[in-house]
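*Asks:* First, the structure itself, so that you have it in front of you.
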Amino acid sequence: MTGAEDLRAALLATLAHQIALGADEAICDRPVDRMPDRPGDRRPAARAASAQAQPPAAPQEPDRDGDVAPDAGPEPEAPSAETAAAGAATIGALGQAIADWRGSGLRETATRMVLADGLPGAPLMVIGEAPGAEEDRQGRPFVGRAGQLLDRMLAAIGLSRSAEDPARAVYIANILPWRPPGNRTPSEAEVLAFLPFVERHVALAGPRVILAVGNTPVRALTGTTAGIRRIRGRWMVHGASGLPVMPSFHPAYLLRQPAEKAGAWAALLAVRAALDQGRD
């Protein structure tokens, strides 16, 4: 035999041996580079760089039938504040919608969400600006020194946040449910971001009169640009619901400026008269 015939016979013998062992396909799991590396050959470095640049993809989890589940694709876009608020049929659902909403970074710096206190359905709803440090710790609005003053002011006109009788009850909330860092004044963008939740909150609480304490809630609810000193004690209208709004000083301001308590007392008397008139 010639050398070529000897090589052919050797290859056929090897193939017959593989068939006898059960091999029936001449393929591998992946291509094999059979070219030997030589000095100065740049292919090994190129292959290593390619392997680092393209890490293997993580295997997909099989579904219940054993098939690989398809890629779920990008996460759906978070609902807008309007959509999230409109979908809340109860105050509890509204609180959950606010807790789940990712449209503001305030939730990342606050300790607890502060939704409301008092009796939903009470004839008077008090709306403040935002939680302070103590409210952030307890998860309830107006529980610090300013809240204690507010309780005394409400008690002077026969109302209490702990009353179970709707005629004597009050419902308390804020424009912002999360404390701004450092107790700073909320920005206009933050107020606008949460305004759909506030409007829905008012609709679900169903008050007859709103007492807005401070510049931020007065401007958010009525759309006015006038300062609280000019409009306090003068009836205004909540644009979304048409409810009467009484602007007054925030209790925290009254603690710093006790001389303004007389004006705040006049506003409370006007609120009391409006509630009494509604009962006739």
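Bear in mind that the values in this text are calculations on the coordinates, not laboratory data. Please read all numbers here as calculations on a predicted model, not as lab measurements. Glycine also receives a Cβ, built like all others from the backbone with ideal geometry; neighbour counts cover every protein chain displayed.
*Asks:* Taking segment 192-280, which trypsin sites (Lys or Arg not before Pro) meet the DSSP loop condition and have no more than 12 other C-beta atoms within 10 Å?
*Replies:* Counting only loop positions with at most 12 other Cβ atoms within 10 Å, the trypsin sites (Lys or Arg not before Pro) in segment 192-280 are 234.
*Asks:* Between residue 266 and residue 192, 0.36 nm times their residue separation minus their Cα-Cα distance comes to what?
*Replies:* In short, 23.6 nm is gained.
*Asks:* Can you compute the equivalent ellipsoid semi-axes for segment 81-279, i.e. the square root of 5 times each eigenvalue of the Cα gyration tensor, sorted largest first and rounded to whole Å?
*Replies:* Equivalent ellipsoid semi-axes, largest first: 24, 19, 17 Å.
*Asks:* With θ set to phi - 60°, apply the Karplus curve 6.51 cos²θ - 1.76 cosθ + 1.60 along segment 89-94 and write out the HN-Hα couplings as whole Hz, x wherever there is a Gly or Pro.
*Replies:* Running phi through 6.51 cos²θ - 1.76 cosθ + 1.60 with θ = phi - 60° gives 8, 9, 5, x, 5, 5 Hz.
*Asks:* Relative contact order for segment 81-279: what is it in percent, counting Cα pairs under 8 Å that are at least 6 residues apart?
*Replies:* About 23 percent, as a whole number.
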